[in-house]
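I have placed the structure first, in the form of structure tokens, so that the comments after it can refer back to it.
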Amino acid sequence: MKSALLAVVTPFALAAVAIATQQRADATTSAPPEAAASCERLAGLTLADTSVTSAGLVTENTFRSPDAAATVAPMRAPAFCRVAATTKPAVRFEVWMPAQSWNGKFQGVGNGGTAGVIPYAAMATALNRGYAVVGTDTGHVNARGFDSTWALNRPDLVADFGHRGLHVSTVNGKAIARAFYEKDPAHSYYVGCSKGGQQGLMEAQRYPDDYDGLIAGDPANNWTRFYAGGHLWYSIATMKDAESYIPAGKVSILANAVNQACDATDGVRDGVLNDPRTCKFNPAVLTCKPGDDPATCYTPKQTKAIQDIWAGAKTSSGELIYPGLAPGGEAGSGGWASWTTGTAPFTGSHWLAAEGFFKYMVFNDPSWDFRAFNYDTDVRKSLDVVAAAVDATNANLRPLRDRGSKLIVYHGWSDPDISPFNSISYYEDVVKTMNGAAPRETALADTQSFFRLFMVPGMQHCSGGPGAASFDMLSALERWVEQGTAPEQVVATHLTNGVADRTRPLCVYPKVAQYVGTGSTDEAANFVCRVP
């Protein structure tokens, strides 16, 4: 649910006008004349249930998204053919195709939050790698970040949002690329994180023929339980009782105490918990004692809120609904202050996401009150209403494996939004489902022949945090698909003010990176991947 994607969107009619206006202004002479003609002809392309609304070349480094302010610099991108289209009932998508130096491949990119915007930045990233790329709004326009008002009494739009929107955009995007280049892409890849991670796993499960390789980062695949046992649970823990609320300014108390207690358990003191499962810190020690400065400790109710967030949501009988967050990475702009606390009660991203989902997707009641949610009964009601449309939890990936496709999932251990334990749980479900009664070692090897999980120490939600959180997972996937070389590790980099100052290997789960005991702890070469 990446907060960077919380943007106001220009209504479709205005966006279509902006596209047409820009394309007239951006008539290019830098690309071959035949490219311009081929691109413009795509306006007459016939696709099932789909209308092409515009097609034209965009000059190098001149594109601005339709809703961007005039003062915003254009995106860096080569000259490209830009096609905008809509598939019924309202799935808007765009396909961008390099006018020159196409790498022969196709990429789909994912959304964040509750979608509702075409992910132009991600499309530009793919375009700069030479890809023809498709991006979609999944069938609705968001009025604000985490907006779900569009879903009120519209199960068809919820289904488009949950799975159909990206699928039809992918099918049509490939057809448009085929028409422009007069041949099929050699390979097709998908890349997404957060909501985009959910989309990636949905593609892997429901539409395994769409992509040869998929990357699903920090996936919100267990959508209904995540919103009930994550977003809503964290909101209830901190706000159902006003005295449980933890101000943003007090988050650092927890973060500092966790690091002090657990940072060095991996043999390296670097502000990163290499594997938070080894951290046994009890936040009860931070509870204020008589005479303590309240700015330096927590009230008993605040301490309980932390314990509840870490423990995860459970029914009254103790059944786990959704796992809690892992300790570590609470501080920083991408930590708890953004997701859990906000600037004041009822402003954090967890609350904003949960409120809209339950009001407009589940209960279809704008007056719904979160205080009335019953975890013994309402989770099941929620699953009955929306799980079929939005949950990507099917662990049977045999169709994907049998097609020869590859899947990479990664997840930040310090994610303050989507529990990293959820990705581990799904991976273990796949291992069990795919291989039945086979010994775990055999089952794990069979699963890793097409599906690999990478846990990222110290990374918050999709990026940032104290760990090494910059890495190129797509190149690893390309080598796996095109050369048959499965990734054993991926080197990640930590950046300070844009400058690399540490590298670490990301290991194939269940392995973790362990320091060899000699050499700089800031160099990946001095770590090995081992099963803990």
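Could you tell me which of rounded, prolate or oblate describes region 208-295, using a ≥ b ≥ c as the square roots of the eigenvalues of the alpha-carbon gyration tensor, with rounded for a/c under 1.5 and, failing that, prolate when a/b is larger than b/c and oblate otherwise?
In terms of gyration-tensor shape, oblate.
Mind running the shape call on the chain? Use the C-alpha gyration tensor, a ≥ b ≥ c as the square roots of the eigenvalues: rounded below 1.5 for a/c, prolate if a/b tops b/c, oblate otherwise.
Here the chain falls in the prolate category.
May I ask you to give the solvent-accessible area per residue for region 276-389, in square angstrom, as obtained with a 1.4 angstrom probe?
Accessible surface, normalised per residue, equals 44 Å².
Which FRET efficiency, nearest 0.05, do Arg64 and Val528 yield, Cβ-Cβ r, R0 35 Å?
Calculated transfer efficiency: 0.15.
Suppose the chain between Ala344 and Asn153 were pulled fully straight at 0.36 nm per residue; how much longer would it get relative to their current alpha carbon spacing?
Taking 0.36 nm per residue and subtracting the Cα distance, the gain is 65.7 nm.
How far apart, in nm, are two points set 7 Å out from the Cα along the Cα-to-Cβ line at Ala37 and at Ser252?
Here the modelled spin labels are 6.5 nm apart.
Loop only per DSSP, at most 13 neighbouring Cβ atoms within 10 Å: give me the trypsin sites (Lys or Arg not before Pro) in region 51-140, ordered by residue number.
Arg76
Under a straight-distance cross-link criterion of Cα-Cα below 30 Å, which lysines are reachable from Lys314, leaving out those fewer than 8 residues away in the same chain?
List returned: Lys2, Lys195, Lys240, Lys250, Lys280, Lys289, Lys301, Lys304, Lys359, Lys381, Lys432, Lys511.
Lysines near Lys174 by alpha-carbon distance under 21 Å, same-chain residues fewer than 8 away left out - which ones?
Straight-distance partners of Lys174: Lys88, Lys105, Lys183, Lys406.
Once the Cα atoms of helix 12-25 and of the chain are each reduced to a long axis, what angle between those two axes, in degrees from 0 to 90 to the nearest 10, is obtained?
50
Taking +1 at the Cβ of each Lys and Arg and -1 at the Cβ of each Asp and Glu, which of Ala175, Ala186, Trp150 sits farthest along the dipole of region 126-189 towards its positive end, judged by Cα position relative to the Cα centre?
The residue sitting farthest along the positive end of the dipole is Ala186.
Would you work out if region 129-259 is rounded, prolate or oblate? Take a ≥ b ≥ c from the square roots of the eigenvalues of the alpha-carbon gyration tensor; rounded if a/c is under 1.5, else prolate when a/b is larger than b/c, oblate otherwise.
prolate
Let's see if you can work this out: charge +1 on each Lys and Arg Cβ, -1 on each Asp and Glu Cβ, no other charges. What is the dipole magnitude of the chain about its Cα centre, in debye to the nearest 20?
240
Out of the total accessible area of region 294-356 (probe 1.4 Å, heavy atoms of protein only), what percent is carbon and sulfur?
63
Might you work out the accessible area of Arg269 for me, using a 1.4 Å probe with all protein chains in place, and round it to the nearest 10 Å²?
Arg269 exposes around 140 Å² with every protein chain in place.
Can you give the accessible area per residue of region 464-504, in Å², using a 1.4 Å probe?
Solvent-accessible surface per residue comes out at 48 Å².
Only helical DSSP H runs with n ≥ 4 go in: add -39500 (n - 2.57) per run for the chain, normalise by residue count and round the 222 nm mean residue ellipticity to 500 deg cm²/dmol.
So the calculated ellipticity at 222 nm is -8500 deg cm²/dmol.
Taking 0.36 nm per residue of sequence separation and subtracting the Cα-Cα distance, how much length would be gained by fully extending the chain between Arg440 and Glu482, in nm to one decimal?
The span from Arg440 to Glu482 would gain 12.3 nm if fully extended.
Which one of Val83, Ala43, Pro219 is farthest out on the positive end of the charge dipole of the chain, using unit charges on Cβ (Lys, Arg +1; Asp, Glu -1) and the Cα centre as origin?
Ala43
With every protein chain in place, what's the accessible area of Thr447 (1.4 Å probe, Å², nearest 10)?
Number for this one is 0 Å².
Could you point to the residue in Gly249, Trp233, Pro208 farthest towards the positive end of region 205-259's charge dipole, with +1 and -1 charges on the Cβ of Lys/Arg and Asp/Glu respectively?
The listed residue farthest towards the positive side: Gly249.
The values are calculated or read from the model by the stated rules, or taken from the named source; none is laboratory data. On a predicted model such as this, the values are computed, not experimentally measured, just so you know. With ideal geometry, Cβ positions are generated from the backbone for all residues, glycine too; neighbour counts draw on all protein chains shown. Just the protein is used for accessible areas: all its heavy atoms, side chains included, with ligands, DNA and RNA removed. Shrake-Rupley method; radii C 1.70, N 1.55, O 1.52, S 1.80 Å.
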